[in-house]
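Notes follow once the structure below has been shown.
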Amino acid sequence: MLPESSRHRIRVTVNGQVYEREVEARLLLSDFLRYELGLTGTHVGCEHGVCGACTVQLDGQPVRSCLMFAVQADGREIRTVEGLAPDEERLHPIQEAFWEAHGLQCGFCTPGFLMTVEAFLRENPDPTDEEIREAISGNLCRCTGYVNIIKAVRLAAEKLRAGR
Amino acid sequence: MATRYFGQPIKRNEDPRLLRGRGLYVDDVQLPGMLHMALVRSPYARARIRRIDTSKALAAPGVVAVITHADLPANLQGPLPPLIPHPTLKHHKTQFALAPGQVRHAGEAVAAVVAESRYAAEDAAELVEVEYEPLPAVVDMEKALEPGSPLVHEDIGTNVAAHYTQVVGDVEKAFAEADLVFEEVFRPDRGQAQPMETRGVVAVYDRNLETLTIWDSTQAPIRIRSGLAELYGMRANQVRVIAPNVGGGFGPKIMMFYPEEVLVPWLAMKLGRPVKYIEDRREHFFATNQERDQIHRVQVAVRKDGTILGIKDVFLYDTGAYIPYGLIIPIVASCTLPGPYKIPNYHAEFKAVFTNKTICSPYRGAGRPHGVFVMERIINRIAEELGIDRVEVRRRNLIQPDEFPYDVGLIYQDNAPLRYDSGNYPGLLDKLLKLIEYDQWPARKEQYRKEGRYVGLGLALYVEGTGVGPYEGARVHVEPSGKVWVATGVGTQGQSHQTTFAQIVAEELGVRVEDVEVVTGDTGAFHWGTGTFASRAAVVAGNAVALAARDVKAKALEVAANLLEASVEDLELADGQVRVKGAPQRAVSLGQVAVAANPLRGTIPPGQEPGLEAARYFNPPQSAFSAGGHAAIIEVDPATGMIKILKYAVVHDCGRLINPMVVEGQIHGGVAQGIGGSFYERLVFDENGQLLTTTFMDFLIPTAMEVPDIAIDHQETPSPLNPLGVKGAGEAGVIPVPALFVDAIEDAFSGYGLRFREVPLDPNRLRQALAEAGVPGAGSTAA
Amino acid sequence: MKPPRFRYFAPTSVDEAVELLSTHADAAKVLAGGQSLVPMLNLRLARPEVLVDINRIESLSYLRVEDGHLAVGALARHRMVEKAPEVAARVPVLQEAVRHVGHVQIRNRGTVTGSIVHADPSAEMPAVLALLDGSVRVVGPSGTRDIPWQELFLTYFTTTLGPDELAVETRFPLPPAGAGWSFMEVARRHGDFALVAVAALVTADETGRVKEARLSLAGVGGTPVRPERAEALLAGQALEDDVLAAVADAVREAIEPESDIHASAEYRRHVAGVLAGRALRAAMERARRGGEG
Ligand SMILES: Cc1cc2nc3c(=O)[nH]c(=O)nc-3n(C[C@H](O)[C@H](O)[C@H](O)COP(=O)(O)OP(=O)(O)OC[C@H]3O[C@@H](n4cnc5c(N)ncnc54)[C@H](O)[C@@H]3O)c2cc1C
Ligand code: FES
Ligand code: FES
């Protein structure tokens, strides 16, 4: 027999907006964001924690949304790729840098990289290439070979430093 | 007119949406009332299905339907249609929508469960009771050929699907005249493309319009549309297939059909509700096509100056349980082997062998890495046997620039003669040697050895057939706003068509790249074409776009000549206008021209079609041949078998470059996949045909820590075969990597007589080989 | 790959958590960082009926240096340990080792204590626990007890923790002042579990000989291994080639690695000896410099 699944009311802040929903305990945070909130910018590539496509920020730190249950986000703050650009006209400097350096091809991995890199550059505004490689090593990209992603992160760091 | 857009590293039109997380991938399609499908898959590689009981699953919460083979309509019960026939493909066995009483590889779909959520569907899938009678599996392609081997398809009495031989010249004579003859066996192992997005299908049937709309992560939406219409007995224009943003393809996303592509639309029609299937990563490992395992036995005849007289390559190609895709891979392997070298006498023979493993179909490279691996290994062996530098041996055998078009003497995958259109291979080699500083290598290597470090340089050259036919088409349309709308049939999986095609149009029509909107992969927008594969989109569709744009230009000039009361020869297109040369104030905007070309009243000249629009097709007479060379410097720690790539260099010639930034990106990605396939990624099957690597914890895709920086230099030898002079670039990056990878490692340990014949290597295999060769620090081989 | 159904509880105190665990006994599992448990749920390789999520027990989120120990609360994430200045200063080998655990996104969630009680023999944290002769503090229905590492690990993914017990703290004794240390790992890719990892701790006398040396290995059998004979061989020795060769042999004798798709037992045995030598040399180098970074 299948065990019962408990249901829970949760209140989560996503990109500054508060959402209240009732969820099944087993609903993954990634599925919650994508299907309950319609924030499909967060992608799902493996559901076992390796590919990093589902990376979102939980209270400002990058985490795998496929390895958390939505119920665990109750009362917490989530930031997804949809919350990165300041408005409809402008992109975030990291997004601009990925654009200029051709840091994406199919774009499937991109949101995960952006959310990882945003937190990384906050902590380390002037990284070496080696540090960049380490920082993004938890995100797989099958298209770019990373060369231009590393270039993009370098460029993003410059832009952010210049804007500060 | 000076080039403004063509050839420039222009930022991509597609990026802003993708960067904001607003792409539309199949799993992003959400429709009211949508149901979700999960599949029950065989745990056995070969088994008879005795009984299936779906009653418990049907009773589970949220379940709407449970389907087995017996529940399918007759048109979906038989084998699915074969994709690419070949005269020697005697047994064109194809897969089923759901297994009919027998399964032939682990992971084959046995039943489909449809429920209100994927969670509920997976719950219920566990409740479908299938009684299997496991049978001995055929796993190893050599054993599959032994008498008494179990048969994957019992009705044909053999595991050989096809046996094909092509011969150039007189191979026996070449061997008789040779100074040196040797034989080698090479075994590239199985791998998989593993795009970051798995496969997915969403379908909805509209009863009012009697139309079926399908979002499919396919590389060939038009083919899927036509095939499905035929299968369901519908008119083609009742079926619309959209390949929205696709999260990487690399080959396996072009198939006809994956079972899910047939089941989901049928279920949507049957149940009257939209249905979605998103493959999960574990399923992707055994349900999406694989590739790469071959066994080559090659004999070589050489003159003592190092020139090759003849090659006899006899190989086995493991096609897995079915062979929908025909013989493309082994034919490409045979045809890629000669590469940039003159092989006057060549015997290429293969058998395509069935095994109880997942189906094989082209994965980026599609046999090319095999051909190059075998050829480049041969060259190194010649160098070693004759004591001639490996670069010198290459030089002595290269096709010279004045020998084009060069006829290799074989028939290629497109059934046209394998004839190289243009190239400069010595030029490529020189550039490569310069980029990797080959002249300084002997001294550097000696220095490394003195420091006790094992560092080697590897290199490999290749020629790549790209841009195969039959055709692609495009429609270019100017809106009254002056914006240009382009539709073409090829889909895009990250190859930047929205930008490169826009560049082609911008160049012809004198508009800004961002004012050209390109729609790809939607049969509702353009419905003739074959798909994005074999590095063909830029060549075939790109030229169709150029031809259509040129027609639009001609028409714009004609219409504008009327408006401006000037003659066509005095006009030019620039800055979104048609204007009089030397008198730019006399101008009309392209938008005005578009309006004038489609007037509500008045007249248009007889014979002129309305609107500023043209559709054109491009049918290449044969493939265009790109070429290149890669080199790398790799360090090995003999005690652990771990490697570090110190330097990686690429020289590449894909004819005229539309957007060098895009081409370089394609190369980077290819190289990374090549590195994966050389040292990290291997699909491991046990003796029962069970796949042991079904997660990213076991199948190791390189991360940013494993892929080095990549230096790239270009050479541009335009193709004379198409108006743009372009050649394909999509697969190049991956092709030579395994070959140069083992070359570098052998070089690092030169003097120890190491010869690698298998890829991928890994730390375990490498350390073991070094230990067997007696390399200090690698330890003994005794347990 | 969606997790099976379960009932979910998020207690806010240790007592509450322990009560839930004892009520549901074998049917329940603790959910800490979830970086090992959730993948297993998604793959349906684990099917607990009840999940007891300890992430709301804020009192367990701490790092403290106290009475000769680094005490790591059960909610202390890998990342917290990685970035804590007191860890860098007092237990640098732990800091080095923790950086080998997965990637930043994993370390932001995964807990050190979860890593240890999960008892993956290829994991870094258990090997460091063994190196430092540490223990895990657990609370169960019958109270609190400390389990020394030797009594904790039984075999692959198996510990002596009862199903109704909650690990609340991992206790790493501080290495002796001036001890040199090293952590070395061979993994297929950066961030992967170790094929073999070796941690070493060395104190040296004035002449540069070993006073005391400790080695601890991961990836070489069902549990972390301290090769006692190898450690004993080192006492009073200078790290000459022949000594290290004997140590390597002793290390290889002390372990029972298994073969899997990533490496053969023979490979692991060989590399264990190699890394032991390299780790000892690096640790000695640090010991000579007075135990500084
Ligand atoms: C991509 C990836 C790479 C990784 N690489 C590495 C690596 O290189 N090295 C490595 O060591 N790990 C690695 N991990 C695993 C990661 O470190 C886990 O965080 C760790 O193994 C478990 O800690 P956790 O807090 O996440 O535990 P959970 O996943 O929450 O739990 C793991 C197990 O321990 C039990 N448990 C947890 N906490 C307690 C407690 N306080 N009391 C009682 N029982 C408890 C749970 O019930 C469960 O059975 C990787 C994970 C991923 C996804
Ligand atoms: S989907 Fe979460 S890490 Fe891959
Ligand atoms: S851009 Fe396609 S996976 Fe990264």
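Just so you know, all these numbers are worked out from the coordinates, no wet-lab data involved. As the structure is a computational prediction, the values presented were derived from the model and not from experiment. In this analysis, Cβ positions are derived from the backbone assuming ideal geometry, glycine residues included, and neighbour counts consider all displayed protein chains.
Here are a few things to note about the model shown:
- Computed label-point distance, nm, for sites B:A443 and B:N208 using a 7 Å Cα→Cβ extension: 8.0 nm
- Only beta bridges with both residues in the protein assembly as shown are counted; by DSSP, about 80 percent of them are antiparallel.
- With N as its number of residues, segment B:13-132 has a Cα radius of gyration that, divided by 2.2 N^0.38 Å, comes to 1.34.
- Span-like helix criteria (full DSSP H runs; alpha carbon extent of at least 18 Å along the helix axis; mean Kyte-Doolittle hydropathy of at least -0.5) are satisfied in chain C by C:241-254, C:265-288.
- Spatial separation of Cα centroids for segment B:475-524 and segment B:166-191, in angstrom: 47 Å
- Here is the P(r) of segment C:7-53: all C-alpha pair distances, binned every 10 Å from 0, give 29, 54, 16, 0 in whole percents.
- Here the average projected area of the convex hull drawn through the C-alpha atoms of segment B:560-602 stands at 3.0 nm².
- Across peptide A:72-79, the mean count of Cβ atoms from other chains lying within 10 Å of each residue's own Cβ comes to 2.
- Spacing of the modelled spin labels on B:E133 and C:E256, each 7 Å from Cα toward Cβ, amounts to 4.2 nm.
- Cα-derived Rg to Rh of segment C:180-288, Kirkwood definition: 0.98
- Bridge type composition, chain B - antiparallel percent by DSSP, nearest 5: 80 percent
- Within segment B:192-224: backbone nitrogen closer than 14 Å to the B:A236 label point (7 Å, Cα to C-beta): B:221-224
- In units of the compact-protein estimate 2.2 N^0.38 Å, segment A:4-83 shows a Cα radius of gyration of 0.98.
- Placing +1 on the Cβ of every Lys and Arg and -1 on the Cβ of every Asp and Glu, with nothing else charged, gives segment A:4-83 a dipole about its Cα centre of roughly 80 debye.
- Computed E for B:D570/B:E609 - FRET, C-beta separation, R0 30 angstrom, nearest 0.05: 0.80
- Cα-based convex hull, chain A, per residue volume (Å³, whole number): 118 Å³
- Spatial separation of Cα centroids for segment B:397-418 and segment A:85-164, in angstrom: 44 Å
- With a Förster radius of 30 Å applied to the C-beta separation of A:D126 and C:A265, the computed FRET efficiency comes to 0.10.
- Sorting B:I242, C:I261 by the number of Cβ atoms found within 10 Å of their own Cβ, with the fewest placed first, yields C:I261, B:I242.
- q = 0.06, 0.07, 0.08 Å⁻¹, the protein assembly as shown: log10 I(q)/I(0) [Debye, one scatterer per Cα]: -0.53, -0.73, -0.95
- Per residue, the convex hull around the alpha carbon atoms of chain C comes to 120 Å³.
- Under 14 Å from the Cα of B:K276 - aspartates and glutamates, other chains or at least 8 residues apart: B:D27, B:D28, B:E116, B:E122, B:D216, B:E260, B:E261
- Separation between Cα centres of segment B:584-607 and segment B:93-133, rounded to whole Å: 59 Å
- Other protein chain Cβ atoms within 10 Å, averaged over every residue that makes up B:635-645: 3
- Largest first, the three principal axis extents of the alpha carbons in segment A:93-161 are 28, 22, 18 Å in whole numbers.
- Rounded to the nearest 20, the size of the Cβ-charge dipole of the protein assembly as shown about its Cα centre is 1220 debye, with Lys and Arg at +1 and Asp and Glu at -1.
- For peptide B:657-663, the mean count of partner chain Cβ atoms within 10 Å of a residue's Cβ comes to 1.
- FRET efficiency, 1/(1 + (r/R0)^6) with R0 56 Å, evaluated for C:T144 and B:E349 via beta carbons: 0.15
- Projected onto planes of every orientation and averaged, the convex hull of the alpha-carbon atoms in segment B:301-366 covers 5.1 nm².
- Relative contact order, percent, chain B [alpha-carbon distance under 8 Å, six or more residues apart]: 15 percent
- Rounded to the nearest 20 debye, the dipole magnitude of chain C is 960 debye, with +1 charges on Lys and Arg beta carbons, -1 on Asp and Glu beta carbons, and the Cα centre as origin.
- Residue (of B:Q673, B:L646, B:V684) at the positive-pole extreme of segment B:639-686, dipole from beta-carbon charges: B:L646
- At q = 0.10 Å⁻¹, base-10 log of I(q)/I(0) for chain B (Debye sum, equal scatterers on each alpha carbon): -1.06
- Here B:K434 is the anchor, and the lysines within straight C-alpha reach of less than 23 Å, apart from those fewer than 8 places off in the same chain, are B:K445, B:K644, B:K647.
- Spin-label zone in segment C:73-116 - amide nitrogen under 12 Å from a point set 7 Å from the Cα of C:R64 along the C-beta vector: C:73-74
- Taking a straight line from the alpha carbon of B:K143, these lysines sit under 21 Å away, with near neighbours fewer than eight places off in the same chain left out: B:K90, B:K93, B:K351, B:K357.
- Segment A:1-99: trypsin sites (Lys or Arg not before Pro) in DSSP loop, at most 13 other beta carbons within 10 Å: A:R90
- Computed over segment C:151-230: relative contact order in percent, which uses C-alpha pairs under 8 Å that are six or more apart: 24 percent
- With a threshold of 26 Å on the Cα-Cα distance, the over-threshold entries among B:K253/B:K342; B:K173/B:K727; B:K11/B:K727 are B:K253/B:K342; B:K173/B:K727.
- Residues of segment B:541-575 with an amide N closer than 20 Å to a point placed 7 Å from the Cα of B:E514 along the Cα-to-Cβ direction: B:574-575.
- Calculated diffusion of segment B:243-301, Stokes-Einstein form, Kirkwood radius summed over Cα pairs, 20 °C and 1.002 mPa s, µm²/s: 147 µm²/s
- Count Lys and Arg as plus one, Asp and Glu as minus one, and take only other residues whose Cβ is under 11 Å from that of B:G482; the net charge is then -1.
- Computed label-point distance, nm, for sites C:T160 and A:E22 using a 7 Å Cα→Cβ extension: 4.7 nm
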